[in-house]
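Asker: Here it is, the structure, as structure tokens.
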2 protein chains.
Amino acid sequence: MGRLEVRPEEHAALVDGRPLCLTVRELQLLVTLAEHPQRIMTREELFSEVWGGRPRRDDRSVDVYVSRLRSKLREALPGSRLIHTHNGIGYRFSPDG
Amino acid sequence: MGRLEVRPEEHAALVDGRPLCLTVRELQLLVTLAEHPQRIMTREELFSEVWGGRPRRDDRSVDVYVSRLRSKLREALPGSRLIHTHNGIGYRFSPDG
DNA sequence: CCACCTGTGAAAATCCTGTGAACGCAGGCG
DNA sequence: CGCCTGCGTTCACAGGATTTTCACAGGTGG
């Protein structure tokens, strides 16, 4: 998948072979997104996969973690735009930046 | 449906497999139109499906969103004419441009 | 030509998202 | 235990995006 490799079984995400320093939640979120490339995933879906259960109203956990993930991906892959926002719906992972 | 694929359950409309960037309203309107191909739908019907309830007199929401939808479809599928105007009545979606 | 309708840009109102920060918790360690 | 560190959760708020509304040019049909 381009320069990014996600290996759930190894609890790792690699960029050009170098492991990213992601926390458990960040990795879970990345794995969940990357398992459904080009698919628009709602916050509810993402929350349910990563946190389990349903988010409470006004829960911003998904947003906050997307933000942190983007920040770390930006650092490792400057100029890439892997996670797209779909306003009012959720997020979409696009392997090609 | 030609090069356009509408997937309401996935909150997505694809052209040649690539997701269009539609807002929620735009997508709802496209879905509603595309669910009744070749059928002339009145503004009232469209409004009721997308916005719910009845439009107030002189409400132009449907027109405005048809315009935006056409614009985005034109950009993704130059030369296509998927949404036809029926004067004094409403709009009709025609899968073959 | 007239009355009415539609297309579209733009302003105003509303809603949503990105992000920094605060807080609590749990584990490691002296 | 007391302190420190890293992580997860929640909150606040500025800025961005969407929705609604309005205005007006241009089209349509009689």
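The values are calculated or read from the model by the stated rules, or taken from the named source; none is laboratory data. On a predicted model such as this, the values are computed, not experimentally measured, just so you know. Note that we place each Cβ from the backbone using ideal geometry, even for glycine, and neighbour counts take in every protein chain shown.
Asker: Do you know which residues across segment B:7-43 are small (Gly, Ala, Ser) and either within 12 Å of the chain's Cα centre (by Cα) or at pLDDT below 95 (or both)?
Answerer: B:Ala13, B:Gly17, B:Ala34
Asker: Further question on the same structure: Inspect segment B:8-16 for any residue being part of a loop (DSSP other than H, G, I, E, B) and more than 14 Å from every other protein chain (Cβ to nearest Cβ) and give the result as yes or no.
Answerer: no
Asker: Of all residues in segment A:62-85, which are away from DNA strand D (no atom under 12 Å from the Cβ), within 14 Å of chain B (Cβ to nearest Cβ) and in contact with a strand residue (DSSP E or B) (Cβ under 8 Å, 6 or more places away or on another chain)?
Answerer: A:Ile83
Asker: Oh, and also: For segment B:45-63, how many residues are closer than 21 Å to A:Ile89 by Cβ and surrounded by fewer than 16 Cβ atoms within 10 Å (Cβ to Cβ)?
Answerer: 1
Asker: Related question: Inside segment B:75-92, can you point out the residues that are surrounded by 14 or more Cβ atoms within 10 Å (Cβ to Cβ) and within 13 Å of DNA strand C (Cβ to nearest atom)?
Answerer: B:Leu82, B:Ile83, B:Gly90, B:Tyr91, B:Arg92
Asker: Turning to a different aspect of this structure: If you check every pair at least six apart or on different chains, which have Cβ atoms under 9 Å apart with a residue in segment B:76-89 that is more than 14 Å from B:Thr42 (Cβ to Cβ) first and a residue that is within 13 Å of DNA strand D (Cβ to nearest atom) and in a loop (DSSP other than H, G, I, E, B) second?
Answerer: B:Ala76/B:Leu20
Asker: If the requirement is being farther than 24 Å from B:Ala13 by Cα and touching a Pro at 6+ places or on another chain (Cβ under 8 Å), which of these qualifies: A:Ser67, A:Ser61?
Answerer: A:Ser61
Asker: Any idea which of B:Gly88, B:Gly97 is over 12 Å from the mean Cα position of the chain (by Cα), modelled with pLDDT under 95 and more than 14 Å from chain A (Cβ to nearest Cβ)?
Answerer: B:Gly97
Asker: Can you tell me which residue within segment B:19-44, out of those that are more than 9 Å from DNA strand D (Cβ to nearest atom) and surrounded by fewer than 17 Cβ atoms within 10 Å (Cβ to Cβ), is nearest to the other protein chains (Cβ to nearest Cβ)?
Answerer: Taking the candidates together, the pick is B:Glu35.
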